[in-house]
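The values are calculated or read from the model by the stated rules, or taken from the named source; none is laboratory data. Just so it is clear, the structure is predicted and the values come from calculations on it, not from any experiment. Reconstructed Cβ throughout: ideal geometry from the backbone, glycine too, with neighbour counts over all protein chains shown.
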Amino acid sequence: MKRRIARYTLEGVSGAEISVHPFTTDDGLGLQLTRFLAAESDNVVLLVHGLSQSSDMFIMPEHRNLVSFLHAHGFGDVWTLDLRMSNRYPYNTETGRHTLDDIAAFDHPAAIRELRRHLGGRRLHVVAHCVGSLTFHMSLFGGVIDGVASLVANSVGLTPRVPSWSQAKLAVAAALDYGVGLSYLDPRFKEAPPLTRRWLLARAVSLSHRTCDVPACHMLSFMWGTGSPALYEHANLAPETHTHERLADLHAAVDVAYYQHIGKMVRVGKAVKYDPADPAHRALPDDYLVDVESVETPVLYLAGDRNNVFADSNVVCHRLLNERVPGRHELEVLDGYGHVDPIIGKNAHMDVFPRIVDFLKRNGG
């Protein structure tokens, strides 16, 4: 059956010059930035995706997407970043055992260096989602990047918190790898050959998620949170988005090694290194909250009040930071929104994007 929306399409953005800018991290991975230039601007915006997603979440053609909205509201120079956890690469299905420290130490600094080659000293604003936000916080508050005029963080910052059932799943994440032999999870597992481990897992998951008839949606709830659905409110998605191939295109496979690092952070209640003894990450602090006062970049924390993935993480993060640096950061609670629908929701351009633009403009835009 022909796809209704092409995979990795750029058709969601019109009237812009699109260019791709590859770069290499210090640990030897090839990544890329994509530039959507509609007009020259003194304020540049970088968009950062979440774990197992990609830059596609910001350029979706089925609704008013964030790149097009920024173009229409005074931000003509918008870039997207595809990190090592992007589904545009094979890294999530390889047994590389990357951690969030790798992303913080290598991906974000290399991306900022490449951006600065093109932007010079122009103001740079960042909008980041999910683990893209968490790892960008780790780079910024860990002192390996600077020069960011403002940051918008959706769903999670420096204090990852998850519902109780998600805590239980994170606690046994290693068993998937060492016990079951699945080093990654994929929302497309239902398409695997019948009676294989992947197919059986997807079948079992679907039996316990009866709220819709899309197997990829069921697997995403198993992979990413508590409830059915976990990632979003069904009503917030366009019909074209809530389909088998589209959901799997936007949220693909994830290396379970990342779960182990997230699990450690959830247990201690804050962003910390996975292995403090790893010399590859010596430039980063063991505790990413140790020196938050020195980071002058203002952050807008977006928190959906129905977030079944990272729960009230951003509410807690904002409260903690506000105690240590009163008035520097802001919080917006989004009524009726979950984890990812503030970005990919059909009405996000009315309910969420204006709040992002307002914050960017008040901080230099």
Meets criteria (closer than 21 Å to Val254 by Cα, outside any helix (DSSP H, G or I), more than 12 Å from the chain's Cα centre (by Cα) and of a type outside the set (S, T, N, Q)) for Val148: no
For Val162, state whether it is under 16 Å from the mean Cα position of the chain (by Cα) and among the hydrophobic types (A, V, I, L, M, F, W, C). yes
I'd like to check something: does region 115-137 contain any residue that is part of a loop (DSSP other than H, G, I, E, B) and either within 17 Å of Leu51 (Cβ to Cβ) or of a type in the set (Val, Ile, Thr) (or both)? no
Mind checking whether some residue in region 111-123 is touching a His at 6+ places or on another chain (Cβ under 9 Å), at positive phi, in contact (Cβ under 8 Å) with a residue 60 or more places away in the chain and not polar (S, T, N, Q)? no
Single residue of region 302-361 satisfying the filter (touching a residue at least 60 places away in the same chain (Cβ under 8 Å) and polar (S, T, N, Q)) that is nearest to Glu62 (Cα to Cα): Asn347
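For every residue, the table says whether it meets (1) within 18 Å of the chain's Cα centre (by Cα); (2) closer than 18 Å to Leu170 by Cα; (3) buried (at least 21 other Cβ atoms within 10 Å of the Cβ).
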position: Cys217; (1), (2), (3): yes, no, yes
position: His251; (1), (2), (3): yes, no, yes
position: Lys270; (1), (2), (3): yes, yes, no
position: Lys273; (1), (2), (3): no, yes, yes
Can you tell me which residue in region 81-99 is modelled with the lowest pLDDT, limited to those that are within 15 Å of the chain's Cα centre (by Cα) and not in a loop (DSSP other than H, G, I, E, B)? Asn92
Tell me, yes or no, whether region 189-209 has at least one residue that is within 18 Å of the chain's Cα centre (by Cα) and surrounded by 15 or more Cβ atoms within 10 Å (Cβ to Cβ). no
I'm trying to understand the selection: among the residues of region 288-310, which are among the small types (Gly, Ala, Ser) and crowded, with 23+ Cβ neighbours inside 10 Å? Ala303, Gly304
Which one of these is farther than 15 Å from Asn308 by Cβ, aliphatic (A, V, I, L, M) and surrounded by fewer than 17 Cβ atoms within 10 Å (Cβ to Cβ): Ala238, Ala257? Ala238
Residue hits (region 157-174; closer than 19 Å to Val256 by Cα and aliphatic (A, V, I, L, M)) are Val162, Ala168, Leu170, Ala171, Val172, Ala173, Ala174
I need the full set of residues from region 318-350 which are among the basic types (Lys, Arg), out of contact with any Pro (no Cβ under 6 Å at 6 or more places or on another chain) and within 23 Å of Lys270 (Cβ to Cβ), in order please. Arg319, Arg324
Tell me, which residue of region 236-277 that is among the small types (Gly, Ala, Ser) and in contact (Cβ under 8 Å) with a residue 60 or more places away in the chain is farthest from His98 (Cα to Cα)? Ala238
If I filter region 71-78 for residues that are part of a helix (DSSP H, G or I) and modelled with pLDDT of 95 or more, do I get at least one hit? yes
Name the single residue that is farthest from Asp275 (Cα to Cα) among those in region 74-112 being of a type in the set (Ser, Thr, Tyr) and crowded, with 24+ Cβ neighbours inside 10 Å. Thr80
